[in-house]
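> Just passing along the structure, written as structure tokens.
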Amino acid sequence: MHRADGYRVKTYAPIYTIIPYIMEKRYDASNCISEEIDYEILKDYTRECRKKGIAMNHMAVIIAAYLRVVSQNPYLNRFVVNKRIYSRNHFCVTFVTLTQNGSTTIKVYFNLDDDIFTVNEKINNAVEGVKERGESTSMDWIANILLKIPGLLSVGVGILKFIDKHFWLPFAICDASPFHTSLFITNLASIRTEAIFHHIYEFGTTGIFCAMGLPKNRVVRNSEGEFEERKFMKLGIVTDERIADDHYYGKCFREFNKYLKNPSILEKKPGSVVYDKDIKKSDPEFIVK
């Protein structure tokens, strides 16, 4: 049985069939990973991009690195609903951005072979649409409808949760929901806050939540054996253990760090994309907005 946003996974080790019954909720299956990335490398890279007329930001570099890892490790794009494992038929990222009226969530879709410049352009276009043109997101539109009628919010959300768990929501609803996403990321550095381990939502399909923290100085030994002070940014990452084991996650985040140490690698498209085994060649390509 397929959903509008993913394909049912059937080819996996038997232990993965049992785990969702033992850990029924995402908060039961949450594992925390702390990563420290060299902020000086990100800063130098974004500065060089700006010299070339490209308004690159730190979040775009991190998202591009994660996207590249997912392009080679499809388990990261899986999710669990009602004890069943699915492979997502698209890749998207949700994040919060400030607006004239406060803040809102934005969801951006990517191709798995997008390079870092394409990732950055899609993010900038999405943010610009909300900030400068005052566009409302689909989630804002749905929330405004639910809030207009007293009591409708409680009933409406309850119905959506029930349908999503026992059947499947239309893709238009999944598209509007910030909680149906491959990656949820927040930049706490923008409000001068340290990284936290943010919970992953039970409603929706979020498998990984990443919180970027305020960069801090740390004394490290450089390649010449001398001590120097450099800034590092902490990432607080929470994952759903039911979609991949610790060995798989460990391998993925080693690759993730490799790209963040040398972002220029991401300027070229990957040589190939590895798809989940349960996505057939006859199936349509990933949904891209």
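> Given the C-alpha centroids of region 212-264 and region 1-78, what is the distance between them in whole angstrom?
So the two Cα centres are separated by 14 Å.
> Follow-up question, since we're still on this one. How high is the relative contact order of the chain, in percent, counting Cα pairs under 8 Å that sit 6 or more residues apart?
Once divided by the residue count of the chain, the mean separation gives 31 percent.
> Calculate, for the chain, the solvent-accessible area per residue in square angstrom, rolling a 1.4 angstrom probe over the heavy atoms of the protein chains.
51
> For region 54-71, what does the Karplus curve 6.51 cos²θ - 1.76 cosθ + 1.60, with θ = phi - 60°, yield as ³J(HN,Hα) per residue in whole Hz, taken in order and with x for Gly and Pro?
Values, residue by residue: 10, 7, 8, 10, 5, 5, 4, 5, 5, 5, 4, 5, 5, 4, 5, 5, 5, 4 Hz.
> OK, next. Of the heavy-atom accessible surface of region 174-223 (probe 1.4 angstrom), what whole percent is carbon and sulfur?
With neighbouring chains kept in place, the figure for region 174-223 is 53 percent.
> Over region 155-273, what is the relative contact order in percent, taking alpha-carbon pairs closer than 8 angstrom and at least six residues apart?
Relative contact order, region 155-273: 19 percent.
> Okay, next question. Compute the length gained on full extension between K161 and N82: take 0.36 nm times their separation in residues and subtract their Cα-Cα distance, giving the result in nm to one decimal.
Using 0.36 nm per residue and subtracting the Cα-Cα distance, I get 27.4 nm.
> Follow-up. With every protein chain in place, what's the accessible area of F227 (1.4 Å probe, Å², nearest 10)?
140
> Return the FRET efficiency for the residue pair Y248, R218: r is the Cβ-Cβ distance, R0 is 30 Å, and the value is rounded to the nearest 0.05.
The value I calculate is 0.55.
> Among the lysines, which have Cα under 27 Å from the Cα of K51 when same-chain residues fewer than 8 positions away are ignored?
Qualifying lysines at Cα under 27 Å: K43, K122, K131, K216, K231, K234, K258, K261, K268, K269.
> Tally Lys and Arg at +1 and Asp and Glu at -1 over the other residues with C-beta under 15 Å from the C-beta of I237: what net charge comes out?
That sum, taken over residues with Cβ under 15 Å, equals -3.
The values are calculated or read from the model by the stated rules, or taken from the named source; none is laboratory data. Note that the structure is a prediction, hence the values are computed from the model and not measured. Using ideal geometry, Cβ is built from the backbone for each residue, glycine included, and neighbour counts are taken over all protein chains shown. For accessibility, only protein heavy atoms count, side chains too; no ligands or nucleic acids. Shrake-Rupley method; radii C 1.70, N 1.55, O 1.52, S 1.80 Å.
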